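Once you've had a glance at the structure underneath, I'll fire off some questions.
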Amino acid sequence: MLGISAATVSRETVADSISVQLLDELNVVSVKQEAKLRAEAVSATVIDSSDIEELGIVGMKGASNVVPNFYIPDYGSRITSSIYVRGIGARMDQPAVGLNVDNVPYLNKDAYDFDIADIASIEMLRGPQSTLFGRNTMGGLINITTLSPMSWQGWRGVLQAGSGNNYKLAAGWYGRPRQNFASSVNVNGSYLGGYFTNEYDGKKLDHEVSGALRWKMIWHPSSEISLQNVFSMSLLRQGGYPYEYIDTGKISYNDDCFYHRFTLNDGITLGYRGDGFFLTSITAVQHIDDNMTLDQDFLPLPYFTLTQKKKETAVTEDVVIKGDAAEGKYRWLTGVFAFHKHLDMHAPVTFKDQGIASLIEQHRNDANPYYPISWDSREFPLNSDFTIPTTGCALYHESRYATGPWHFTAGIRLDYEVSILKFESRCHTGYEIMQRQDDGMLLPYKHIDISIDDSGRLKRHYFNWMPRLSVLYDFNGTVDGNVYGVVSKGYKAGGFNTQMFSEVLQGRLMGIMGIGSHHDVDEIVGYKPEYSWNYEIGSHLGFAGGRVSLDLSAFYIDCRNQQMTTFPDGTTTGRIMTNAGKTRSLGGEISVQTMLAQNLSLNASYGYTNARFVDYFDGKNQYKGKFIPYAPQNTLFFQALFNIPLKNQFLGIRNIGFDANLRGTGRIYWNESNSRMQPFYAELGASVTLEGSNWDLRIWGENLTNARFHTFYFMSMGNEFVQRGKPVRGGVTLRLNF
């Protein structure tokens, strides 16, 4: 666990129930990995339910910095979900870190950022987990487990009010009508008024309304069979994108920005314990329907807007057979995985008056001033529609052998994937060519109709092998712990740059006017997979009878074709994923948890990453030796917990808990040339919790020193923008258990 909590009876009851769940329901929680991660050759952090409540964590973004070298910047909107681990990360398209919630894998990172009620634990495994979990886990894997109705029964509720008109509500019922059957239902909702104001119209930009429903069912029809089904759905209506124009220091733009999302997920985990083996089938369906609309220039002028509407449905099937680990030195695991996802996307870019004048008419008229043009209308769309079916399958195996204190593990995964892009691009507009007379007057000369209807089909095949080798030595002596070494390969899938089709259309349009350049669709639309080899040594140690635990690791990552998000040169409308030639990342991590006294515990973690380009030439500039942008060099977390039990209860208060914590991040370079960066900054948080027999009231604050920092930087149309970090915040949270 992350922290050694000194909780009251009510919290201990829930926490102990979760521990029972993790020990007794291995068929549900630990399908592929072992239950005790600190006994494994892996860098891992487990945040338990007590720490989750102390820190107010409602999703994986709350684990940022708590886990060393794990950083999730809070910017844009919930579609962003950028995650950086050890210099590996992704701003768009394929994720670098995998996510499982109650065994249900989330394939689309656009759905990663959501609130979950009653989280039992969050596990963060760092380093490639590709052998067992496949594509897009080269940075690591997050496992979120929710409270089990098998281990706890009753009613739970949460009420929260905070600054920025931040309100949250959650309620859950957990029942176990029979010994072998249990079920739970949770609902939660939130409202956020916002922290950032658009100076153009005086409205809050980052407002949000969201709601979710989750139903969990567990059934053990016999001692050999177990069944778990988890169904969830959520709805989100959000503003967002409070981007500040660096030249003016203002957040001011004229067109609406918002992000709307609906998600539906259902996962069935079926387990069968046979003679000497355990068979598990995990079947999941995921659906996301969202709409991201942006004022793409983020200026108080009518340049152009972008809309991206997606509907994606994915089906996954994972069948795992695991040798019985009860006896013997040899253990094994074999699995087959398959998935299919289908994406439909409508992504128009709409040119408006200023955009037509500055980005089209001016370029054409500068090239031929004697025959200037005038567009038919002051607004027209560049329409792009896409259908992207992707299908993949994999076969994987892992063998484990133990002899004395030595533990050896070897695994391999064979992975095949095919992705198809079907596109339709349309633009129907026109302009009038004028002729300049000797006296300067302009007379109509000729009208040009523009009618572009492009369509096509692109196909990509990917075949990969992902091995993993590890050795662990268990001290089994006066020192409680182990030391290990790991070599593993990571893989992040390739894909298609759909946002570049507006650039292709714009080039086609300019080409009709005799200016601009032609783009080869096949060349600029596709980007390659990313590969990495991870070399790691580490240790898990315990001292003073378990009162002190220490985790250490050092790593070196050799990455090829690292995927980088860039904006093309000039006044363009799209962004593009490119592949850097070669990068390397090295660093280390340390986590310490100590129980100094019965009621006092300290937790600390620190991660250092030095990630640089080894070979990256973008056609104009050589970035060899430069730091990889957006990945923080340092992450720091410190937490002190102090409890005061009250023998004579006052107003029903049985315990008073104090929590002080500090999260530090930086330095972060914002571009490949390293000309812009965010220095190291720290956010101070604190809380006081009054705990009763079946309730607790937490008064909390975040960024109490009101530290000023930026969480994001980018360029659009040659202009530079940043997003500010959230200001000082505070609130009150009431939790009820009956």
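Considering every residue within the stretch 612-620, establish whether at least one is among the aromatic types (Phe, Trp, Tyr), touching a Phe, Trp or Tyr at 6+ places or on another chain (Cβ under 8 Å) and not in a strand (DSSP E or B).
yes
Say we look at the stretch 688-705 and pick out the residues that are touching a helix residue (DSSP H, G or I) at 6+ places or on another chain (Cβ under 8 Å) and of a type outside the set (S, T, N, Q); which of these is nearest to Gly652 (Cα to Cα)?
My answer is Gly692.
Count, please, the residues in the stretch 85-113 that happen to be within 27 Å of Leu147 (Cβ to Cβ), of a type outside the set (A, V, I, L, M, F, W, C) and assigned to a strand (DSSP E or B).
4
While we're here: Just to be sure before I move on: is Thr131 in a helix (DSSP H, G or I), touching a Lys or Arg at 6+ places or on another chain (Cβ under 9 Å) and among the polar types (S, T, N, Q) in the structure I sent?
yes
Keeping to the stretch 207-238, report how many residues are in contact with a Lys or Arg (Cβ under 9 Å, 6 or more places away or on another chain), under 24 Å from Gly162 (Cβ atoms) and buried (at least 18 other Cβ atoms within 10 Å of the Cβ).
Total meeting the criteria: 6.
Please name all residue pairs, on different chains or six or more residues apart, with Cβ atoms under 6 Å, provided the first residue is in the stretch 149-178 and is free of Cβ contacts under 8 Å to residues at least 60 places away in the same chain and the second residue is among the acidic types (Asp, Glu).
Pairs that qualify, where the first residue is free of Cβ contacts under 8 Å to residues at least 60 places away in the same chain and the partner is among the acidic types (Asp, Glu), are Gly172/Asp118.
Any chance you could count how many residues in the stretch 408-459 are under 30 Å from Cys393 (Cα atoms) and not aromatic (Phe, Trp, Tyr)?
Of the residues in that region, 19 qualify.
Considering only residues that are under 15 Å from Leu205 (Cα atoms), of a type in the set (Ser, Thr, Tyr) and assigned to a strand (DSSP E or B), which ones fall in the stretch 233-244?
The one that is under 15 Å from Leu205 (Cα atoms), of a type in the set (Ser, Thr, Tyr) and assigned to a strand (DSSP E or B): Tyr243.
Consider Tyr370 against the criteria (1) surrounded by fewer than 19 Cβ atoms within 10 Å (Cβ to Cβ); (2) modelled with pLDDT of 90 or more; (3) of a type in the set (Phe, Trp, Tyr): it satisfies all of them except one. Which criterion is unmet?
Checking Tyr370 against (1) surrounded by fewer than 19 Cβ atoms within 10 Å (Cβ to Cβ); (2) modelled with pLDDT of 90 or more; (3) of a type in the set (Phe, Trp, Tyr), the one that fails is (2).
Further question on the same structure: Only one residue in Asn136, Asn143 is of a type outside the set (Gly, Ala, Ser), in a strand (DSSP E or B) and touching a residue at least 12 places away in the same chain (Cβ under 8 Å), so which one is that?
Asn143
Give me the residue from the stretch 380-405 that is assigned to a strand (DSSP E or B) and out of contact with any strand residue (DSSP E or B) (no Cβ under 6 Å at 6 or more places or on another chain) and, out of that set, nearest to Phe351 (Cα to Cα).
Ala402
Given the structure, is Ala580 in a strand (DSSP E or B) and either modelled with pLDDT under 90 or more than 24 Å from the chain's Cα centre (by Cα) (or both)?
Yes: the conditions hold for Ala580.
Would you pick out the residues in the stretch 54-76 that are closer than 18 Å to Asp113 by Cα and outside any loop (DSSP other than H, G, I, E, B)?
Met60, Lys61, Gly62, Ala63, Phe70, Tyr71, listed by residue number.
The conditions are (1) more than 26 Å from the chain's Cα centre (by Cα); (2) surrounded by 21 or more Cβ atoms within 10 Å (Cβ to Cβ), and Phe278 fails exactly one of them. Which is it?
All conditions pass for Phe278, except number (2).
Answer yes if at least one residue in the stretch 464-478 is part of a strand (DSSP E or B), hydroxyl-bearing (Ser, Thr, Tyr), crowded, with 16+ Cβ neighbours inside 10 Å and in contact with a strand residue (DSSP E or B) (Cβ under 8 Å, 6 or more places away or on another chain), and no otherwise.
yes
On to the next question. Quick check on Glu312: is it under 36 Å from the mean Cα position of the chain (by Cα), of a type outside the set (Val, Ile, Thr) and more than 30 Å from Arg457 (Cβ to Cβ)?
Taking the combined requirement at face value, the residue does not satisfy it.
Kindly establish whether Met677 is surrounded by fewer than 19 Cβ atoms within 10 Å (Cβ to Cβ), in contact (Cβ under 8 Å) with a residue 40 or more places away in the chain and over 20 Å from Ala161 (Cα atoms).
In short, no.
Considering the stretch 53-81 alone, what residues qualify as being hydroxyl-bearing (Ser, Thr, Tyr) and out of contact with any Gly (no Cβ under 6 Å at 6 or more places or on another chain)?
Hits for the stretch 53-81 are Ser64, Tyr71, Tyr75, Thr80, Ser81.
The values are calculated or read from the model by the stated rules, or taken from the named source; none is laboratory data. What you are looking at is a predicted structure, and each value in this text was computed from that prediction instead of being measured. Note that we place each Cβ from the backbone using ideal geometry, even for glycine, and neighbour counts take in every protein chain shown.
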